[in-house]
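The structure under discussion appears below in the form of C-alpha cells.
Where a number appears in this text, it was derived from the coordinates with a stated rule and is not lab data. Quantities reported herein were computed from a predicted structural model and do not represent experimental measurements. Glycine gets a Cβ as well: all are built from the backbone with ideal geometry, and neighbour counts include every protein chain shown.
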Amino acid sequence: MLRMLRSVGVKPDMAYYGALGSIVLSLALWFLPASAVSRDRRGQLAIFVGLWPPTLMLLGHALESEVEAGHRDQEGQPSNTQHGAEQAPAAVLIGE
C-alpha cells in the first residue's frame, strides 16, 4: 500500500498536513455556531474527524520510514527490516 501511495505522489508531509487539517476541522465543527446541522450531529462529526489524526500521522511516519529505507538501499547500506538496532525492544517501550 505504501508503494502505491508513493507511486501516485503522496509524500509524508501530505499526511502530516492532513492530520493537522483534520484537527483544525474537528475543532471548527465543535466550536463554530450551528447552521443547518444540529449541535448533536456536529459533535458526532467533530469526534469522527478527530479520530483521523493518529491514522494520518502513522501513515506519514510509515511513508517517511519507507523513503529512508529506500535511501539506505541506494547508498549501499544494508536495510534492516526492524528499523534499525538503535530502537529499544517493545518490552522496554511498554514498561515491562
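Numerical summary
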read-out	value
Overall dimensions of the stretch 2-79 by Cα: Rg and Dmax, Å	17.5, 59
Summed side-chain charge close to Arg6 - residues other than Arg6 whose Cβ falls under 15 Å, Lys, Arg +1, Asp, Glu -1	-3
Amide hydrogen neighbours beyond the local backbone of Lys11, cut-off 5 Å, H modeled	none
Sites Val8 and Ser65, calculated FRET efficiency, Cβ-Cβ separation with R0 22 Å, nearest 0.05	0.75
Additional length obtainable on full extension of the chain from Arg41 to Thr55, 0.36 nm per residue less Cα span	2.8 nm
